[in-house]
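So the structure is just underneath, and the comments pick up after that.
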Amino acid sequence: MMDSKTLYAKAQTLMPGGVNSPLRACRYVKSEPAFIARAEGSHVWDVEGREYIDYVLSWGPQILGHCDKTVNDAAHKAVDLGSSYGAPCEGEILLAEEISKLIPSMEMMRMVSSGTEATMSALRLARGYTGRSKVVKFIGNYHGHADSFLAAAGSAAATVPGTPGVPEDIVKHTLLAHYNDLEAVEKHFAENGDDIACIIVEPAAGNMGLVLPEPGFLEGLRALCTKYGALLIFDEVITGFRFSIGGAQQRFGIEPDLTTLGKIIGGGFPVGCYGGKREIMNHMAPCGGVFQAGTLSGNPVAMAAGYATLKRLQECDYDALEQRTTKLAEELTAILREKGQPATLVRMASAFTIYFTDQPVVDQRGSAASNADTYATFWQQMQAQGVNLAPAGFECTFTSFAHTDEDFEKTLEAARNVKF
Ligand SMILES: *Cc1c(COP(=O)(O)O)cnc(C)c1O
């Protein structure tokens, strides 16, 4: 196999930046990407054969670790029966039933092929259902790359100044507020209440680094939606089946009208899903007039992998993983502080972000105060020691059920060796 440098040079002639998703280019950490050859459990190997402890986990989906045997067996079995039919199959029902059982607010749902499709379709449904056009969105939240959401978006979108290609006529319907700023949302409703179709929110934000909802924030959004007849959409593409087996909505005890899922529910395959109250979902074609379709939607291989993943997750000890992750995150933070770096830890479940700032982080302004140069230095030296962290400081560090105590020890040892 060619080495990463050669592959990257070739890739840059074929794909913009050499990548199929911007952050993978590693520009934010002033580096070039390693090309991955294989993965297993908590580890990935690049084409040079270097081994890394993986805290990216495909940006979240691999919560069971890579190549989980049950999931892979299910996928292999499914692919032998045909990779796509474009017709209903039992696998869709199995996965949908399992999701509905674990997240009861999702009485009905639609399977799609990515998180982007899920949020885009949920927004269309909210607009079609309410007959209104505006959406309230939080600065630094990321909901995929549909036009309406590319206003002050998080994740890779935050690195692109402005949003060329997104007409002003579209984003004028997107009303912005800072995360945790309930007053700003109240103001939007006071001014535009009869034209707001929905609020879309990451119930814990994972695309400006991890940022948690303050007590009362999600409750306040729920109350405003109910009062004004708007829909509350929880974008649980990251938090679904990571924050608890019932997602962030179970953990925080708030019921949205619609939920979007992705990442984990595909078990590493391309799957998204949106769903909610039966009465709302029945507005989708062919029952209602709101249109959405997909050639590969409900793909049998992806459904099988997703179903196997959710079955496996119900046997996993979320509390134990959270405790171990907390210990790792706190020790890492302590090591960075001992080295004289300001470090603010935000953590919950099996996700955390350490910000290189000494201020608390409750919204995008706080997250943006984290020192990007310091993160780049940290990332490069961790990478050189075989620890794969997200190639940007405004992302989550994820752990999986496959990470061992030895992985965590090695990670801490690597952090102790970092020189700033
Ligand atoms: C990743 C993500 C998306 C987009 O999902 P894709 O599968 O990348 O299109 C949407 N919302 C949130 C919260 C995400 O983290």
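The values are calculated or read from the model by the stated rules, or taken from the named source; none is laboratory data. Fair warning: this is a prediction, and the values are worked out from it, not measured in the lab. Neighbour counts are summed over all protein chains in view; Cβ atoms, including those assigned to glycine, are modelled from backbone coordinates with ideal geometry. SASA here: full protein model, heavy atoms, side chains in, ligands and nucleic acids out. Shrake-Rupley method; radii C 1.70, N 1.55, O 1.52, S 1.80 Å.
Picking from S297, S83, S148, which is most flexible by a Gaussian network model of the chain using Cα springs under 10 Å? The residue with the greatest mean-square fluctuation here is S83. Were the residues from D73 through K187 laid out at 0.36 nm apart, the gain over their Cα-Cα distance would be 35.9 nm. Bridging of K5 to lysines at a Cα separation below 20 Å is possible for K30, once same-chain residues fewer than 8 apart are set aside. Listed by chain and number, the aspartates and glutamates placed with their C-alpha closer than 19 angstrom to that of K187 are D195, E214, E219, D363; residues fewer than eight positions away on the same chain are left out.
Full extension of the chain between K227 and W45 yields a length gain of 60.3 nm, computed as 0.36 nm times the residue separation minus the alpha carbon distance.
Return the subset of K134/K227; K263/K327; K69/K277 for which the Cα-Cα distance in this structure is over 27 Å, preserving the input order. Among K134/K227; K263/K327; K69/K277, the Cα-Cα distance tops 27 Å for K69/K277. Averaged per residue, region 69-313 has 39 square angstrom of accessible surface, using a 1.4 angstrom probe with ligands and nucleic acids left out. Both the radius of gyration and Dmax for the chain are 20.9, 61 Å, in that order, over alpha-carbon atoms.
Pairwise over distinct Cα atoms, reciprocal of the mean inverse distance: report the Kirkwood radius of region 69-313 in Å, one decimal place. Evaluated over region 69-313, this radius sits at 18.1 Å. Element breakdown for the chain at a 1.4 angstrom probe: carbon and sulfur atoms account for 53% of the accessible area. In the calculated pair-distance distribution of region 220-346, the portion above 16 angstrom amounts to 73 percent of the Cα-Cα pairs. Could you pull out which residues in region 236-260 have an amide N less than 16 Å from a spot 7 Å beyond the Cα of A146, following the Cα-Cβ vector? Within reach of a label on A146, which here means backbone N under 16 Å from a point 7 Å along Cα→Cβ, region 236-260 contributes 236-238, 257-260.
One chain, two ends: K339 and E413. Fully extended at 0.36 nm per residue, the span grows by 25.3 nm beyond their Cα-Cα distance. When the inverse distances between all different Cα atoms of region 145-203 are averaged and flipped, the Kirkwood radius reads 12.7 angstrom.
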